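Notes follow once the structure below has been shown.
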Amino acid sequence: MQSVLTLESITVRFGGVTALIDVNFVLAEGELLGLIGPNGAGKTTLLRVVTGVLRPTQGRVILQDHDVSSLSVDARARRGIALTHQIVRPFRSMTVLDNVSFAAGHRKTANVFRALASRSRDEEISRASALLDLVGIGNFASAYPRALPLGVLKRLEVARALATEPKILLLDEPLAGLNHIEAEQLADTFTRLNASGITIVLIEHNLGEVARICPRVIVLDNGRKIAEGATRGVLSDPSVVAAYVGREAVRA
């Protein structure tokens, strides 16, 4: 399969603290990849490097054979990288539909002259409505975020990201705060999105759902990649078990 994202020797240092150490991996087009590890492993830091929020101390980010390491966050977003956040932040004074249609108009709003020349929002509204149906919250289109439960807001966050037409969808702990049923249903949504052709990287602490939907995982611990491969095999790797439950517990 063709690679869509390659990370080469990514190292990030904050003063005397090294957050990531020589991390390498290749993401194939069409994958649903799990990125896991205990708290403080460096997972979110790695996503921030991919999106451009952080510049690595060393290493390169390659997107579809182009080195994007020097590009800004918005330039990378225009090239097809979208990130959903663990803490959802919709525009609470706008309806659910307007939240997504605003994101769907990103190509117009990126250019002031195109924005001034475009008076109709019909195309964006139609696309937003379709995306809300796709993620399972079309019936909440006219509602306001402030009145909605977390499970719906998580799906709204995904719809807003999809509205930017990403080549890669990065999901940062999207199941956090959801009950078992909500988590399972949202994970099923990610499976359907991936089956439709969307390449996904999933950061998640819910290992049950990761094992169920991600064919391949990468494991970070203390800023290093300690394992990579087929999910079931990796999760039974003694070094991965030790990273999660502690080496002393494993020896006991």
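Nothing in this text is a laboratory measurement; each read-out follows from the coordinates by a stated rule. A quick note: this is a predicted structure, and the numbers were derived from the prediction, not measured. Cβ coordinates were reconstructed from backbone atoms using ideal geometry, including for glycine residues, and neighbour counts include every protein chain displayed.
Structural remarks
- Residue exposure sequence - Leu169, Leu193 - by fewest surrounding Cβ within 10 Å: Leu193, Leu169
- With at most 16 neighbouring Cβ atoms within 10 Å, loop trypsin sites (Lys or Arg not before Pro) (DSSP) excluded, longest segment of the chain: 168-252
- Each residue of the chain gets 142 Å³ once the volume of the Cα convex hull is shared out per residue.
- Fewest-first ranking of Thr11, Thr231, using other Cβ atoms within 10 Å as the exposure measure: Thr11, Thr231
- The chain, dipole about Cα centre (Lys/Arg Cβ +1, Asp/Glu Cβ -1), debye to the nearest 20: 620 debye
- Counted residue by residue at 0.36 nm each, then reduced by the alpha carbon distance between them, the extension gain from Gln64 to Phe14 reaches 15.2 nm.
- Stretched out straight at 0.36 nm per residue, the stretch from Thr57 to Thr191 would grow longer than its current Cα-Cα span by 44.8 nm.
- Residue among Val88, His205, Gly37 farthest towards the positive dipole end of the chain, charges placed on Cβ: Val88
- Neighbour-count order for Asp133, Asp65, fewest beta carbons within 10 angstrom listed first: Asp65, Asp133
- Helix-derived mean residue ellipticity, 222 nm - over the chain, DSSP H n ≥ 4, -39500 (n - 2.57), to 500: -11000 deg cm²/dmol
- Multiplying each eigenvalue of the alpha-carbon gyration tensor of the stretch 9-65 by 5 and taking the square root yields semi-axes of 20, 14, 9 Å, largest first, rounded to whole angstroms.
- Dipole magnitude of the stretch 141-205, debye to nearest 20 (Cβ charges: Lys/Arg +1, Asp/Glu -1, about Cα centre): 260 debye
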